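Take a look at the structure set out below.
The values are calculated or read from the model by the stated rules, or taken from the named source; none is laboratory data. These numbers come from a predicted model, not from an experiment. Positions of Cβ are backbone-derived with ideal geometry, glycine not excepted, and every protein chain shown enters the neighbour counts. The accessibility values were calculated without ligands, DNA or RNA, using every heavy atom of the protein model including side chains. Shrake-Rupley method; radii C 1.70, N 1.55, O 1.52, S 1.80 Å.
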Amino acid sequence: MFRSNNVVARLFQRQICTPPPGTIVHCARRFYENLVPSHTIYDIECPDHLFRKFTEDGQYLVCFSRNHQELIVYRPSWLSFSCKDEDCDIHDLPPQAKKFDSFFTQLYCVSLASSNELICKDFFLYMESNQYGLFATSTTQIHDAPAVGGAIQGVPSIEKITFHLLRLEDGVVLDEKVFNDDFINLAHNMGVFMHDDLLAVVSLRYQTIHILQIRDSGNLVDVRAIGAFCSEDDELFLNSNVPTMGVQLTENNVENGLHQGLPNSSNYFLSGIKQRLLSFIFRGIWSEETNHALRAQNLKRMFYFHFQDYVDLIIWKVQFLDRHHLLIKFGSVDGAVSRTPDQHPPFFAVYNMETTEFVAFYQQNSADELYLLFEQFSDHFHATSKNSLYLNFISSHSNNVHAREQLRSLKNKASSSSQFVKKMLSSLPINCQSLSPSPYFDQSLYRFDEKLISAADRHRQSTDHPIKFILRRQPHALRFKIKPGPEGGNADSRAKKISSFLFHPFLPLALSIQHTMFLQPSAVNIHFRR
């Protein structure tokens, strides 16, 4: 059936035809083939801020001050001006269009960090249902901190980490959660995962998964702490039944609000979650064989021989799969703080918080099994809220045939299947809210060079050439370009430049920010539909 690419024809088609069940949103998104950010204003006059991202509902643009002390929130608006002629498109935009304030209205500026704390510019989570924002501030990192009070040797320490829950509508701080002498990986939301109203915060230093709930009233409430203990009454049971070897609470853990400490080095007990993991591995090997002799050989070869390796594993990263199950990534201490964690083999496990049991464990010899699950059910690993208007339509290789073909092409080009699987699994667990829901990254609509731009919230190596967005359907025409940096290119081609892109979740509006070294002001361009 022939489909016209003309927007008027598409409007008439929408009036007289009903799309198949379950395809209404996808059919509506085809209008973004006509509505594109085709006009660019280069090097606009804007405040020297650190632009973080648009919220998933498109209501707010979150920014931080250069001194990492203040939060500045804008509401996207639209350029408006008057014109006396009938055809305004033939005229240049007025000088006012070169100003940032013509596209965004500042709502407020709030000071979040104290004198010795700084805002983590790479951390921000948004609760769409209540329009709450979660931000983090921290003091400087201490690399050679002594391992006291049950801390892991080799993991750095941060004197104070504070999570701030704000109501983005008016900038009111609703609640705060403080962690003292701890280490939480805040870069790109790696150490915190949000699912609906639940938060999972990973303490690398004390190997505890803190489960918090964000109440509608704006309170951060402790639900449970998984680590030294798994069930709520584990600590009480140990202290009442084994008084001579009871686990003592450390002063640090009390300050962090755990009320569940890690065992001291003098204890004979492993942590509760480590006990659960070891017993699951043991029972899995035990059940593989019914013959007692073969069972003993397998246990010796596959469990006892690697026993110390399993004991030395620490939690690297965690994400929700649903409200009850966690995907936990384990590895060595060196890999947890290394800049090249890919060199350290990871282990993955699925943990049920309600039953306090592991239900799956994947190591190197079972990585292919986990990869197949990730390939076929990629959307389940993102664990987005069902109520989200836009996050449920992000392209992945499990919901988009073009993304699946691209993945298979990369797999066929890979020199080693095991290395390809290792590379793909390195992204697990998924960083929370790390993908842009913009329809211009929908691979059913457009194709583009993912080395230069993608839905992932990451900086890219800047290029002087414009990034092309080409229609996926006939006639495969170039619809628009995104060019970061000055219009005429950069005068100093030797300077190292990186770019970041902020796309509005549904408007034909985008920001491209080109950063240079030595803390020079960024070059900000606005791309919009004129």
Legend entry - Distance (nanometres) between label positions extended 7 Å along Cα→Cβ at residue 223 and residue 6: 5.4
Legend entry - the chain: relative contact order as a whole-number percent, Cα under 8 Å and 6+ apart: 13
Inset, instruction - Answer with one residue from 271, 335, 69: the one whose Cα lies farthest towards the positive end of the charge dipole of the chain, charges on Cβ with Lys, Arg +1 and Asp, Glu -1. - result: 335
Legend entry - Per residue value of the accessible surface for the chain (all protein chains in place, 1.4 Å probe), Å²: 50
Inset, instruction - Take the Cα radius of gyration of segment 413-530 and divide it by 2.2 N^0.38 Å, with N its residue count; two decimals is plenty. - result: 1.20
Inset, instruction - Putting +1 on Lys and Arg Cβ atoms and -1 on Asp and Glu Cβ atoms, find which of 438, 112, 285 reaches farthest to the positive end of the dipole of the chain. - result: 438
Inset, instruction - Quick one: dipole size for the chain, taken about the Cα centre, charges +1 on Lys/Arg Cβ and -1 on Asp/Glu Cβ, in debye to the nearest 20. - result: 2140
Inset, instruction - Take each uninterrupted DSSP H stretch in the chain, measure its Cα extent along the helix axis, and return the ones at 15 Å or beyond whose mean Kyte-Doolittle hydropathy is at least -0.5. - result: 272-286
Legend entry - Accessible surface of segment 399-465 [probe 1.4 Å, protein heavy atoms]: carbon and sulfur percent: 48
Legend entry - Built amide H within the under 5 Å cut-off of residue 107, gap 5+: 73, 74, 75
Legend entry - Within the accessible area of segment 103-154 (1.4 Å probe), percent carbon and sulfur: 52
Inset, instruction - Answer with one residue from 140, 453, 346: the one whose Cα lies farthest towards the positive end of the charge dipole of the chain, charges on Cβ with Lys, Arg +1 and Asp, Glu -1. - result: 453
Inset, instruction - In debye, nearest 20, what is the charge dipole magnitude of segment 277-363 about its Cα centre with +1 on Lys and Arg Cβ and -1 on Asp and Glu Cβ, if you could check? - result: 80
Inset, instruction - Grab the Cα-Cα distance for residue 520 and residue 109, subtract it from 0.36 nm times how many residues apart they are, and report the gain in nm with one decimal. - result: 145.7 nm
Inset, instruction - State the dimensionless ratio Rg/Rh of the chain (Rg: radius of gyration of Cα atoms; Rh: Kirkwood radius). - result: 1.00
Legend entry - Cut-off 13 Å between beta-carbons: net charge of the residues surrounding residue 430, Lys and Arg +1, Asp and Glu -1: 0
Inset, instruction - On the full set of protein chains, 1.4 Å probe, figure out the accessible area of residue 434 and give it in Å² to the nearest 10. - result: 30
Legend entry - Flagged links, alpha-carbon separation over 25 Å, of 98/481; 413/496; 317/468; 177/317; 411/497: 413/496; 317/468; 411/497
Legend entry - Cβ-derived FRET efficiency at R0 60 Å, residue 129 paired with residue 304, nearest 0.05: 0.75
